[in-house]
Amino acid sequence: MAMRLELRLERSRKLEVLVPVVSVLLSLVVCAVLLLSTGTNPLTAYGAMLKEAFGTSYGFGEVLVKATPLILCGLGVMLAFKMMFWNIGAEGQLHMGAWGATAVVMTGWDASAWLMIPAMMLGGFAAGALWALIPAYLKVKLNTNEIITTLLLNYVAILWVAHFIYGPWKDPTSFGFPMTKQFPDGAQLLRFGDSRVHLGLVFALLIAVALYFIQEKSRWGFEIAVTGSNPRAAEYAGMNAGRNILLVMLLSGGLAGIAGMVEVSGIQLKLLKDISPHAAPYGYTAIIIAWLARRNPWGVVLVSILMGGLYVGGETVQITMKLPVNIVLIIQALILFFVLGGDILSRYRLVFDRKEALSGG
Amino acid sequence: MVGGNKIAVALSGITKRFPGVIANDQVDLELLEGEIHTLLGENGAGKSTLMNVLTGIYRPDAGTISIWGKAVQLENPKDAIEQGIGMVHQSFKLVPTHTVTENIVLGLGRGLAPVKIEEAQTKVAELSAQYGVKVDPAAYVWQLSIGEQQRVEILKILFRGAKILLLDEPTAVLTPQEADELFVTLRSMRAKGHSIVFISHKLDEVMAISDRVTVLRGGKNVGTVLVKDTNPQSLSNLMVGREIKFATFPRKEALGDPVLEVEGVHALNSRGLPALRDITFSVAAGEILGFAGVAGNGQQELAEVITGLLEPTAGSVRVNGVDMTRESARRFIDAGVSYVPADRHGVATVADMSLSHNFVLRRYREPKFAKGPFLNFAAAVGYARRLIKEFNISTPSHATPIRSLSGGNLQKVILAREMTTRHRLLVVMSATRGLDVGATEFVRETLNEHRHKGRAIVLISEDLEELLSLTNRIAVLFHGEIMGILDADKAEIASLGLMMAGQAQAEVA
Ligand SMILES: Nc1ncnc2c1ncn2[C@@H]1O[C@H](COP(=O)(O)OP(=O)(O)OP(=O)(O)O)[C@@H](O)[C@H]1O
Ligand SMILES: [Mg+2]
């Protein structure tokens, strides 16, 4: 019996919603099997994760802390994906943003937060945007494959940051640790109460609202959607594809840059090596988020919070149940796997051939 | 009718619903052995849907299908092929970089029994001789004209041993000569006992080729008649429930200033080969200039050059007296140039977007559809509602994705959009292709109206009769050159035909 995929002419609405939900559930099931094989009761583990992330106010605060950069990166990736520009480089753009914001501080300038924070945001945005413009420009001028260029530039950005914290910006009093010295008060984002939730979350939500209007309501958003859906129709409609690629990547990289800025200014309070979690870097998780959220800004906010829960829950079971931190990564990878698989199934239907095929004669 | 009266296909009570529409409503249909059976009906009447049911692409919501007297379930196209049913769709699915034979056997060989190309090639050659389908089995598909590609699709079906052929508007993409050749092939298939379902909006073709005609209206079968017992007038009565008058179009006496002036234009096609050579002409306000020619002689490039989508390598293009040679498509739109491209799926519309969005595809910058930086969606919806009514577009709503419109209704959407702008110049390729009789008349009348309002129109078409009845002058394109420009009043089909085959006007006259 042979199997093959066949294009569905009638695309199903129900599947569009069902696919992301089922993919998440399936990935939890598969991960449960993995957990069982290591002798852990998956229900206990999931229960602990859920309780820690969404059952305590401290835990939920930490969820929001993780969600903040995820929302910002996710929105940037979403916008690029909307135009079918495959920006895999949010991780690098985030690092450059962190670097750009830090550069403002490293000038030695010390002013009130009213001046410092906007300047740092500008620095973060500009650095992330510039970093994203490199692959955009190469795409427009030379038609290079952006998946490769954006991905490779991630490694360059991470090394660039490393160069500064091991070299010129290294705090001489850090006992050799690669990090800058702590930012002055004016360069630190306001935190709420005694949690680590900071003003960056408010920025992220405001930007989500703005992006909703840009992407769904504006004429430019219409251009992006048309270009993503049918580039030849976009050309026919007099839209300037090259200019739009540059502008979209400017915003996309800029938002990831702001994610980097709020991370250093709201959480780390200095520039150091692991501004993005090593096991599941924000910039890569953002790709999964944008896809799961069906390129919808509200979806990005929601999925980012759920993903934040996965991070926090994962850390908890790592500590309390001695599970490897990679469990977060595994679940994420499984989700992406099932979403992509589900996407194919919502566009094609699986057909089983019962009889043998005709022979060529 | 040849052969006995064996029933090849019997459809009974076929119903197919889509969200908001009943595309097929309890349709009964019998296709006999050795019969050419035409499906006739207005745009959106459900013809293509019925054929897609018969090829297993759609599953009917109700009804039964039997093939040669045996009830069957067609779950997918493979099942249909096994039942000996093959379909030629309007857009072909060939691989350009493969040869004709390779395309024909593609997907046939499986696992350990690969297809032997030489054997296949001989068989293809035999089939093509047997049925009078002229095509070189060793040629690459990219070298073939649209008409030849269609022949490959037909050979592919014959190669698989199909006895039942479904052809959805095959002549819409053919020149009159190619259509005649297709008819020769169809007749020889009929003589060999094949059963054929033919779809066309051209009544003279229908009268010429079919044995019986079934008319669909609003998804229902409203009658099956023998062709020898009917005539075009009563067919169109059945089809639309009223008489259709065929108007003649008086030309405008006094023409205005030139709107489009093209001088010495040379251009390359997408493969970088010369496609236009030294093209010079002008169109005045109040004039329709027709371009005749066999497809692939530079029509596409010409249309793109005068709408800003292709930059000429030499020469100049002026619109309203302003040099636009190096300007972008955007500037052409702003200057009032409307354009109906030939490729309606690939270029003219965005399949996944709604009718409303597609109606403003080239107009979203206009103050009417803008609210500051935002799209005035309410205005777009209002505009969509108006055009759906005015152009009689059959669709469940303005929010329906373009993808689910029937072929003719899609064409209406594009025409409606381009004809309702405040254009100075309208460039139209194959204006009435795929439109039913009523819609064809409506579009011709509208084009004529625009001419009398003082707009300039370039009409690129393979339909000589349409060109002769509508245009002021007709230019003939051959190998990227203009062979001559004739007054439509004095032009004759015969001399146009000679020019289309490459003779200069002087030699013809
Ligand atoms: N995949 C689909 N999804 C939703 N509606 C559809 C789909 N395919 C067809 N329809 C609707 O079904 C009706 C019949 O369409 P169909 O394509 O069969 O018409 P047709 O007779 O072939 O018309 P035409 O002459 O314009 O090609 C139309 O109203 C069309 O909008
Ligand atoms: Mg059709």
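General remarks:
- Other-chain or far-sequence residues with amide H under 5 Å of B:Lys202's (modelled H): none
- In plain terms, the C-alpha convex hull of chain A casts an average shadow of 23.5 nm² when viewed from every direction.
- Compactness of segment A:1-154 as Cα Rg over 2.2 N^0.38 Å, two decimals: 1.46
- Per residue, chain A reaches -23000 deg cm²/dmol at 222 nm when only DSSP H runs of four or more residues are counted, each adding -39500 (n - 2.57).
- Delta accessible area of at least 20 Å² on complex formation, residues of segment A:231-255, 1.4 Å probe, chain isolated as reference: A:Arg232, A:Ala233, A:Glu235, A:Tyr236, A:Ala237, A:Gly238
- Measuring spread by the Cα atoms of segment A:153-248 yields a radius of gyration and Dmax of 21.2, 62 Å.
- Cα centroid separation - segment A:36-67 against segment B:34-66, whole Å: 56
- Acute angle (nearest 10 degrees) that the helix B:117-130 long axis makes with the longest principal axis of chain B, alpha-carbon atoms: 80
- Residue among B:Asn409, B:His357, B:Ala378 farthest towards the positive dipole end of segment B:351-421, charges placed on Cβ: B:Ala378
- Under the criterion of Cα pairs below 8 Å and six or more residues apart, the relative contact order for chain B equals 15 percent.
- Percent accessible area from carbon and sulfur atoms, chain B, protein chains only, probe 1.4 Å: 52
- Within the protein assembly as shown, percent of DSSP bridges classed antiparallel, to nearest 5: 60
- D_trans [Stokes-Einstein, Kirkwood Rh over alpha-carbon pairs] for segment B:279-340, 20 °C, 1.002 mPa s, µm² s⁻¹: 172
- Cα-based values for segment A:207-295, radius of gyration first and Dmax second, are 16.2, 50 Å.
- Chains B and A together bury some 3300 Å² of accessible area, summed over both sides, with a 1.4 Å probe.
- Prolate/oblate/rounded label for segment A:58-138 (Cα gyration tensor, a/c 1.5): oblate
- The 3J(HN,Hα) values that the Karplus relation (6.51, -1.76, 1.60; θ = phi - 60°) gives for segment B:305-310 are, in residue order, 5, 8, 10, x, 8, 9 Hz. Gly and Pro appear as x.
- For the listed peptides A:287-295, B:456-464, A:46-54, a ranking on the average number of other beta carbons within 10 Å per residue, highest first, reads B:456-464, A:287-295, A:46-54.
- The shape of segment B:1-59 comes out prolate: with a ≥ b ≥ c from the C-alpha gyration tensor, a/c is at least 1.5 and a/b beats b/c.
- Surface accessible to a 1.4 Å probe, B:Arg331 within the full protein complex, Å²: 90
- Annotation: amide H of B:Ala285 within the under-5 Å range of B:Gly256, B:Asp257, B:Val259, sequence separation 5 or more or interchain, hydrogens built in the peptide plane.
- Across segment B:351-421, the relative contact order, built from alpha-carbon pairs under 8 Å that are at least six residues apart, equals 41 percent.
- Over segment A:68-319, accessible surface divided per residue gives 39 Å², non-protein components excluded, 1.4 Å probe.
- Shape call, segment B:356-458: gyration tensor on alpha carbons, a/c limit 1.5: oblate
- Max mean-square fluctuation residue, GNM over chain A, Cα-Cα springs under 10 Å, options A:Ser265, A:Ser252, A:Ser37: A:Ser37
- Percentage, to the nearest whole number, of Cα pairs in chain B over 43 Å apart: 18
- Euclidean distance of C-alpha centroids, segment B:302-338 and segment A:216-256, integer Å: 23
- Spatially close Lys pairs in chain A, defined by Cα atoms under 30 Å apart and a spacing of eight or more places or different chains, total 23.
- The 3J(HN,Hα) values that the Karplus relation (6.51, -1.76, 1.60; θ = phi - 60°) gives for segment B:311-322 are, in residue order, 8, x, 7, 7, x, 9, 10, 10, 10, 6, x, 9 Hz. Gly and Pro appear as x.
- Label-to-label distance, nm, for residues given as A:Leu34 and B:Glu445 (7 Å Cα→Cβ offset): 6.8
- J(HN,Hα) series, segment B:368-384, from Karplus relation 6.51 cos²θ - 1.76 cosθ + 1.60, nearest Hz, glycine and proline x: 4, 10, 10, 10, x, x, 9, 7, 7, 5, 4, 5, 5, 5, x, 4, 4
- Between helix A:297-320 and chain A there is an angle of about 70 degrees, using the helix long axis and the longest principal axis of the Cα atoms.
- Selection from A:Ala48, B:Leu486, B:Thr325 lying farthest towards where the dipole of the protein assembly as shown points positive, charges on Cβ: A:Ala48
- Rolling a 1.4 Å probe over the protein heavy atoms gives chain B an accessible area of 40 Å² per residue.
- Per-residue mean of foreign Cβ neighbours for B:344-350 is 5 (Cβ atoms of other chains, 10 Å radius).
- Tilt relative to chain A, helix A:13-37 - C-alpha long axis, 0 to 90 degrees, to 10: 70
- Neighbouring partner chain Cβ atoms per residue of A:119-130, average, 10 Å criterion: 0
- With eigenvalues of the C-alpha gyration tensor scaled by 5 and rooted, the protein assembly as shown, Å: 57, 35, 24
- Relative contact order of segment A:68-319, taken over Cα pairs closer than 8 Å and 6 or more residues apart, is 40 percent.
- For residues of B:359-366, the mean tally of beta carbons on other chains within 10 Å: 4
- Drop in accessible area of at least 30 Å² in the complex versus isolated chain, residues of segment B:292-329, 1.4 Å probe: B:Leu309
- Using only the C-alpha atoms, the convex hull of segment B:7-240 corresponds to 126 Å³ per residue.
- Between B:His345 and B:Thr280, residue separation times 0.36 nm minus the direct Cα-Cα distance comes to 20.4 nm.
- Taking the protein heavy atoms of segment A:1-157 in the context of the full set of protein chains, the accessible area attributed to carbon and sulfur is 72 percent at 1.4 Å.
- Surface accessible to a 1.4 Å probe, B:His345 within the full protein complex, Å²: 120
- A 1.4 Å probe, protein heavy atoms only, puts the accessible area of B:Thr400 near 20 Å².
- Distance from the C-alpha centroid of segment A:184-213 to that of segment B:151-225: 67 Å, rounded to the whole angstrom.
The values are calculated or read from the model by the stated rules, or taken from the named source; none is laboratory data. Remember, predicted model here, so these are calculated numbers, not experimental data. Reconstructed Cβ throughout: ideal geometry from the backbone, glycine too, with neighbour counts over all protein chains shown. What goes into the accessible areas is simple: the full protein's heavy atoms, side chains included, and nothing from ligands, DNA or RNA. Shrake-Rupley method; radii C 1.70, N 1.55, O 1.52, S 1.80 Å.
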